[in-house]
Amino acid sequence: MSLAAPRLYLLGTGTVGSVFVDRHARLHANGVALPPLVAIANARGWRDCDATSACDALQTLRASTSPRDAVWLSRTRFGHGDIVVDASASEDLAARHAQWLGDGAHVVTACKLGQGTSLDRWQAIRAAAATSHTQYGDSATVGAGLPVLRSLRELQAGGDRIHAIAGVLSGSLAWLFNHFDGKRPFSGFVREARDAGYTEPDPRDDLSGEDVRRKIVILARAAGVALDAARVQVDSLVPDALAALPAEALDAALPTLDEALRLRYAEAYRNGEVLKFIARLQNGEARVGLEALPADHPLAAGAGTDNRVAIWSDRYCDQPLVIQGPGAGAEVTAAALIDDVLRISAATTSSAFDHVHRQAAA
Ligand SMILES: NC(=O)c1ccc[n+]([C@@H]2O[C@H](COP(=O)([O-])OP(=O)(O)OC[C@H]3O[C@@H](n4cnc5c(N)ncnc54)[C@H](OP(=O)(O)O)[C@@H]3O)[C@@H](O)[C@H]2O)c1
């Protein structure tokens, strides 16, 4: 067995992928032992590269005017020990995670479509990783690298049982309900959040709660509950009439959100409560939606776009373990991807090293 460093592939050159390449180059220049980036791809093409040409490859791909190119994807096979970073939101790529793991490559992902959708796909990912002794790095999928998934896994590895999880898992919805004051229309805050880049370009993608559904599914599965995404009860903030509108008609119709939310706010205010968009898991059931929380509730605090997650377990029974911090944004997401790459690369290099030494000693 050779001790060659794993080869690193990046799929996705958008907001997160670009920061990833930048951070990789910076850390590499500072002597951090990161595997070399050997190729970068987006939906329009593929470029081989090395440590010195990665930034140029990124820029070329970003500027490409080529049409969508699915050919490289259908032809590409990753090798044993390679690390594939998925910085896309692509269903096509997520559908291949299990295959790559089965082929012997490790997968590190910011995309929630691998573990946060169907039970079959999640089980295929786990089975492929277990059979092929490969690793699936998912720190960037929930909380953008906040130690939430890691804490759930470490608590259980230490014999703890998870009783419940509740959290503010969306940076954009956190921002909206940290700012909404019941005096100015909610639609104005939605426009402000969209213009600041806190929401998706179409804010309905956030307000629908679908992204939060995927996150609570990922957390539930990490907590040992084989939750089906379809079983999560999601109370969307988007009325049916607004959901049905074409994107270009959305802005003018946003005020249809206002009256219902003004009333919810006023009622919560009268009761000394605050509105938060919460995902909950308890007794194997999950739900997502707007809740009025008492002011002293562990999730009632929080500022800006911070995520905040409370975990109740045997150990944290009366008072939950609360993890809070920036849970959105390209910088922290790319950092979480790099952390997973470093962890996998260090683990696989040291196990290969042990293997070579055991063989030499035999
Ligand atoms: N942005 C954030 O702050 C943030 C925070 C947390 C998690 N995330 C997650 O991180 C992921 C990336 O987000 P982003 O904001 O960087 O998205 P983005 O700016 O839209 O970039 C997505 C990239 O994926 C590429 N892509 C799409 N389909 C592909 C395919 N079949 N093969 C190869 N590349 C493909 C796109 O290629 P083209 O350029 O050719 O279209 C694009 O470069 C998403 O899963 C998102 O949910 C993002």
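Things worth noting here:
- GNM top mover of 120, 235, 318 - the chain, alpha-carbon springs below 10 Å: 318
- Convex hull projection area averaged over all views, the chain, Cα basis, nm²: 20.4 nm²
- Hits among lysines - C-alpha to C-alpha of residue 215 under 21 Å, sequence gap 8 or more where chains match: 112, 276
- The apolar share of the surface of region 34-93, taken as the fraction of accessible area on carbon and sulfur atoms (1.4 Å probe, ligands and nucleic acids excluded), comes to 50 percent.
- In region 148-326, the portion of solvent-accessible area held by carbon and sulfur atoms comes to 48 percent [1.4 Å probe, whole percent, DNA, RNA and ligands not counted].
- With all pairs of separate Cα atoms included, region 154-199 yields a Kirkwood hydrodynamic radius of 12.9 Å.
- Region 81-107 and region 115-136 have their alpha-carbon centroids 10 Å apart.
- GNM top mover of 169, 73, 337 - the chain, alpha-carbon springs below 10 Å: 73
- Counting every pair of alpha carbons in region 17-174, the share spaced more than 29 Å apart comes to 24 percent.
- Alpha carbon convex hull of region 177-247, projected area averaged over orientations, nm²: 6.1 nm²
- GNM top mover of 26, 221, 96 - the chain, alpha-carbon springs below 10 Å: 26
- Counted over region 148-326 with a bin width of 5 Å, the fraction of Cα pairs per bin, in whole percents, is 1, 8, 17, 20, 19, 15, 10, 6, 3, 1, 0.
- Residue-averaged [θ]222 nm for the chain, counting only DSSP H segments that reach four residues, each worth -39500 (n - 2.57): -13000 deg cm²/dmol
- Packing-based ranking, highest mean first, of 138-144, 340-346 given that Cβ atoms within 10 Å are counted: 138-144, 340-346
- Overall Cα dimensions of region 1-81, principal axis frame, Å, largest first: 38, 29, 18
- Under 14 Å from a label point set 7 Å out along the Cα-to-Cβ vector of residue 269, the amide N atoms of region 184-208 belong to 184-186.
- Ligands, DNA and RNA are left out, and with a 1.4 angstrom probe the accessible area of the chain is 46 Å² per residue.
- Size of region 115-238: Rg and Dmax of its alpha carbons, in Å, are 16.8, 57.
The values are calculated or read from the model by the stated rules, or taken from the named source; none is laboratory data. Because the structure is a prediction, the values reported are computed rather than measured. So basically every Cβ, Gly included, is an ideal-geometry build from the backbone, and we count neighbours across all protein chains shown. For accessibility, only protein heavy atoms count, side chains too; no ligands or nucleic acids. Shrake-Rupley method; radii C 1.70, N 1.55, O 1.52, S 1.80 Å.
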